[in-house]
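Everything below concerns the one structure shown next.
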Amino acid sequence: MRKTFLVWLFTFLIIAFICALVVSFWALTAQASQNAQTLIRLKIADVEKQLRINQDNLYEIRKELDESGIAKAKALAKMIQLNPSLIGNSEEIEKIRELLLVDEVHIVDRGGILIFGSVPSYFNYDMASDPQSAAFMEAIRDPDFVLAQNPLPKGINKEIFQYVGVARLDEPGIVQIGYRPEKLAKALEIADIKNLAPGFRIGSSGSVLILDNQGVIVSSTEENTLGLALTDVIDSGTAETAKEKMAKETEGSFIAAVNEEKRLFGFKKSGDYYIVGQLPSHEMYLSRDSGTTVLVIFNILLFGVIFFVIAKLVQSIVINGIYRVNNSLEKITRGNLNEVVSVRTNKEFASLSAGINTTVNALKEAINEAASRIDTELSFAKAIQHSSLPSKFPAFPERKDFDIYARMYTAKEVGGDFYDFFLVDENHLAVVIADVSGKGIPASLFMMISKSILKTYALSGLPVEETLYKSNIALCENNQEDMFVTAFMGILNTRTGVMRYVNAGHNPPLIRKANGSYEWLPVKQGFVLAGLPNIRYTEQEIVFEQGDTLFLYTDGVTEAMNRVEQLYSPKRLIRVLNQFPGSLGLEGTIVGIKEDVDHFSEGAEQADDITMLMLRYDRSADFSHKEKQGNPSKEVFE
Amino acid sequence: MEIKKSVEGNATVLALSGRLDTITSPQLSKELETLLEKEAINLIFDLSSLDYISSSGLRVFLSAQKKINAMGTQMKIRGVNETVKEIFEVTGFTGILNIE
C-alpha cells in the first residue's frame, strides 16, 4: 500500500510540477515578449524623435540660409542698378563676390542668356536649356521673383551647392548667386537618414532599420542591406505576414526569421518612413530562459521537499499504524488470541484497534466455550470407550489355569485401539487386540461396533477364522468412510493349551516359552477387517506349555516417536521385554514397557493409543481345576 | 508430504514424498477425489520417496483401490521402500494391492 501511495503521490507531484512549469514558462514568455516589444517601441520612439529633431534643424538652417542668400542676391541686384557698369567689370564683380562670401555670381539678360559673372566659362549659357536653371526664368517677367533652390550636389566632388536668384532691378533679367552651404551640408549630413539607424541599438544585439514608403531599407547597421526591401531580407516563409501587417497597420509588431534566426520586429510609420526595430529571439527570451532555469531548480527542490514530507507523514500517521495492526492480525490469525491491537496514533486507528480487540475477545470466548464443550464430550467418549473394555483385574479370580492383564493408554485425542477377552465357554478363552484406522469420535464409534461384532460371533461358537470372516462382512456393510480395523484374535483351549488364532493385518504378537525369551509368534498376515468383503483368513495354532506368555500390542508401542522422529520399533520392544526379570508379572511388564516408551519419547506428546494385553498359561492349575469339575466340554475348536 | 503428478502412457502417476500420515492423508485423499471424479483412469503410485505410511494413509489406498475396482481400471504401486513394504505386509494390503 505504501508503495502504491508513493507512486500516486510521485505521479501527482510530477504532473503538478509540469503544470507549474508550463504556466510559469508561458507567463515568462509573455512577459519577455511584452518587455521586448516595449523595448523596441521605446527605441522606435527615440529614433522618431531624433528624426524629427534632425528635420527641424534642417528646416531652420535652410530657412536662414535661404533668407541670407536672397538678401545677398537682392543686394547685388541693387548694386547693379546703382552702377550698371559693374557688368563687364570682372575685377569689381570678383571683389563683390568675395564681400558677399559666395562662390559664384551670374547675371542673365532679358533673353535668358548668362551675359556676365564670376565664372567666364558659363557666359552665353542659356538658362532655359536645363530644368534646374530654367526655374529662374520667371524672374525676367516678375520683378518681385525670388528663388532659393534646394541645395544639390554639384561637380565631381558632388559637393552640396545652392543657387539663389532674384529679378534684376536695372532691367529685366536675373541676378543669381551660388555658394556651398557648409553649415547646411554639415546639418544635412547629420540629418542624413542613412546615418540615423547605425546610431541606435536595441538591447545588445538588436538594431534599427529605416525604410522609405516603398519598403526599401534606407538606413541600417548592416550596410549590405541598404537598398533592399525589408521583405527580401526576411526569410521567405515569414515575409508575407510581415508585408501584410505593415501594409495594414501604422504601428505594430510581428515575428519573422532572418537567416533562419527568429526575430521580433516592431514598426511604426513616421512621415515618409517606416522605423523598424528588431530583436533576436535568443535575446528576447534571455530573461525567460534564465528565469525558467531558476524556476526549475527551485520547483524540483520544493516538490522534492513536499514529496518527502508527505511520504514521511503518511508513513508515520497511516502506514506504520497499518503495519502494526497487520502484525497483530497476523499473530491472531496464527492462533495467538491473546494478542492485543494497540495502535492509538489517531482516533481512527484507536477505534479500529478497539474493534479488532472486541472481535478477538468475542471469538476467544466462543472458542473457549466450544473447546470446553468438545473437551467435555471427548472426555465422555473416552470414558465410554474405556468402560467398554474389561478393566477389572484379576479378571477371572477363580481361574488359576491362566492369568490375563491388559491396559490401554489413550492419546490426547480419542483413538481406535481396543482389546477384549472373554470366556466363550468354560474351557475357551478368547483374546482380541485391535486398532481402528484414524482417530477421533468416528474411530472410537467404529471400535465399539468392531468389538461387539467380534464378540458376538465368537460367543456364537464359531471358530476364529469364521468369526473374523463373518465380522469382516458385517463391518464392510455401511462402511462409507473406508475405515478399517487391524485385529489379532486367538481362542485358547484352557484345557489342552492349544490356541487357534488369526491375524487380520495386525502387528505380529510376541510369545515367550517358559524360561525362554520373547519371540515372534509365527503369523500369516491376513488383510485388515472392514476393508473388502469376502476375505478369507488363515487360522493357525500354537500349543501353550505351562508358564508360556503371549504379548499382544498395538502400533502405538512400536511407532511411538521421539523428538528426532525415531520410532520405538519392534526391535526395541523385544529387547526391553527380554531384559525384564521373569518374575515381574503381567501388570509389571506392561507398566514397564509403557515407562520405557515414555522414556524413549523424551516428553514428545503421545500421538496414538498405546494398548497391550498379556496372557499367561498355567496348565497344572488348569488340570486340577478340570479334574475337580470332571466335566470336559465338547471340543468345538480342535 | 509432496505430491507430483505426471502422465505415463495411459496412466496418471502420483509420486509421493515424505510422510503419509493423519496430517497429510487428507491432501492425497482430496487429490484422488478430483482425479477419479472426472474420468475412469489408470493410476500408478510412485512411493520411491515416501518414508512412512500410517493407517490413515492405508485407508486412502484402500479407498482408491475400491474406486478403481468399481471403475474397472488398473492401479499399481511401485518403488515401495522397506518400511512402507513392511506396513503393507503386516496389514495384509499386499494381498489386495498391486504392488510391484
Does residue A:151 satisfy being under 15 Å from residue A:177 (Cα atoms) and either touching a strand residue (DSSP E or B) at 6+ places or on another chain (Cβ under 8 Å) or of a type outside the set (Phe, Trp, Tyr) (or both)?
yes
Do we find a residue being among the hydroxyl-bearing types (Ser, Thr, Tyr) and farther than 19 Å from residue A:47 by Cα anywhere in region A:248-266?
no
Residue under question is residue B:32, and the condition is that it be of a type in the set (A, V, I, L, M, F, W, C) and over 11 Å from the mean Cα position of the chain (by Cα); does it hold?
no
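So that you can scan it fast, the table gives a plain yes or no per residue for (1) touching a helix residue (DSSP H, G or I) at 6+ places or on another chain (Cβ under 6 Å); (2) open to solvent by 40 Å² or more (accessible area, probe 1.4 Å); (3) at pLDDT below 90; (4) in a helix (DSSP H, G or I):
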| position | (1), (2), (3), (4) |
| --- | --- |
| A:15 | no, yes, no, yes |
| A:27 | no, yes, no, yes |
| A:36 | yes, no, yes, yes |
| A:51 | no, no, yes, yes |
| A:59 | no, yes, yes, yes |
| A:62 | no, yes, yes, yes |
| A:74 | no, yes, no, yes |
| A:95 | no, yes, no, yes |
Do we have residue A:420 as within 19 Å of residue A:474 (Cα to Cα) and either crowded, with 23+ Cβ neighbours inside 10 Å or outside the structural domain of residue A:490 (by TED's automatic domain parsing) (or both) here?
no
Exception for residue A:612 within (1) surrounded by 19 or more Cβ atoms within 10 Å (Cβ to Cβ); (2) modelled with pLDDT under 95; (3) touching a helix residue (DSSP H, G or I) at 6+ places or on another chain (Cβ under 7 Å) falls at (2)
Can you tell me which residue is most open to solvent (accessible area, probe 1.4 Å) among those in region A:108-125 that are in a loop (DSSP other than H, G, I, E, B), of a type outside the set (A, V, I, L, M) and within 18 Å of residue A:86 (Cβ to Cβ)?
A:110
With the requirement that a residue be part of a strand (DSSP E or B) and either surrounded by fewer than 18 Cβ atoms within 10 Å (Cβ to Cβ) or within 9 Å of chain A (Cβ to nearest Cβ) (or both), what does region B:37-90 give you?
B:42, B:48, B:49, B:51, B:52, B:76, B:78
Working carefully through the options B:6, B:17, find the one that is without any contact (Cβ under 8 Å) to a residue 24 or more places away in the chain, open to solvent by less than 60 Å² (accessible area, probe 1.4 Å), in a strand (DSSP E or B) and more than 14 Å from chain A (Cβ to nearest Cβ).
B:6
So, in region A:534-579, how many residues would count as being polar (S, T, N, Q), assigned to a loop (DSSP other than H, G, I, E, B) and in contact with a helix residue (DSSP H, G or I) (Cβ under 8 Å, 6 or more places away or on another chain)?
5
For region A:460-515, which residues satisfy the criterion of being within 14 Å of another protein chain (Cβ to nearest Cβ), surrounded by fewer than 20 Cβ atoms within 10 Å (Cβ to Cβ) and of a type outside the set (D, E, K, R)?
A:476, A:479, A:480, A:508
Checking the condition of a type in the set (Gly, Ala, Ser) and in the same structural domain as residue A:225 (by TED's automatic domain parsing), which residue from A:117, A:199, A:178 passes?
A:199
Residue A:575 - would you say it is open to solvent by 10 Å² or more (accessible area, probe 1.4 Å) and either closer than 26 Å to residue A:610 by Cβ or more than 11 Å from every other protein chain (Cβ to nearest Cβ) (or both)?
yes
Since residue A:460 meets every condition but one in (1) over 28 Å from residue A:498 (Cα atoms); (2) free of Cβ contacts under 8 Å to residues at least 12 places away in the same chain; (3) small (Gly, Ala, Ser), which condition does it not meet?
(1)
Condition met for residue B:39 (out of contact with any Lys or Arg (no Cβ under 9 Å at 6 or more places or on another chain), at pLDDT 90 or above and not small (Gly, Ala, Ser))
no
Counting only residues that are β-branched (Val, Ile, Thr) and facing chain A (nearest Cβ under 9 Å), which one in region B:91-100 is least open to solvent (accessible area, probe 1.4 Å)?
B:91
Filter region A:209-265 down to the residues that are assigned to a strand (DSSP E or B) and of a type in the set (Lys, Arg), then identify the one that is most open to solvent (accessible area, probe 1.4 Å).
A:262
With respect to residue A:81, is the statement that it is modelled with pLDDT under 90 and either surrounded by 12 or more Cβ atoms within 10 Å (Cβ to Cβ) or within 22 Å of residue A:160 (Cα to Cα) (or both) true?
no
Applying the selection to region A:160-200, what residues are free of Cβ contacts under 8 Å to residues at least 60 places away in the same chain and over 17 Å from residue A:62 (Cβ atoms)?
A:194, A:195, A:198
Let me spell it out: the conditions are (1) in contact (Cβ under 8 Å) with a residue 40 or more places away in the chain; (2) closer than 17 Å to residue A:155 by Cβ; (3) out of contact with any helix residue (DSSP H, G or I) (no Cβ under 8 Å at 6 or more places or on another chain); (4) not aliphatic (A, V, I, L, M), and residue A:109 meets all of them except one. Which number is the exception?
(2)
Output the residues belonging to region A:516-533 that are facing another protein chain (nearest Cβ under 10 Å), within 16 Å of residue A:450 (Cβ to Cβ) and either assigned to a loop (DSSP other than H, G, I, E, B) or among the β-branched types (Val, Ile, Thr) (or both).
A:527, A:528, A:530, A:531, A:532
For region A:534-571, give me the residue count where each residue is within 30 Å of residue A:478 (Cβ to Cβ), within 13 Å of chain B (Cβ to nearest Cβ) and open to solvent by less than 70 Å² (accessible area, probe 1.4 Å).
8
Check A:139, A:197 and return the single one that is closer than 24 Å to residue A:53 by Cβ and either among the hydrophobic types (A, V, I, L, M, F, W, C) or outside any loop (DSSP other than H, G, I, E, B) (or both).
A:197
Would a scan of region A:134-147 turn up a residue that is of a type outside the set (A, V, I, L, M, F, W, C) and surrounded by 17 or more Cβ atoms within 10 Å (Cβ to Cβ)?
no
Criterion first (at pLDDT 95 or above and within 14 Å of chain B (Cβ to nearest Cβ)) does residue A:442 satisfy it?
no
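The values are calculated or read from the model by the stated rules, or taken from the named source; none is laboratory data. Treat the numbers as computed from the prediction; the structure is a model and nothing was measured. Here Cβ is always computed from backbone atoms with ideal geometry, including for glycine, and neighbour counts include all displayed protein chains. Protein only, heavy atoms only, side chains kept; ligands, DNA and RNA dropped before computing areas. Shrake-Rupley method; radii C 1.70, N 1.55, O 1.52, S 1.80 Å.
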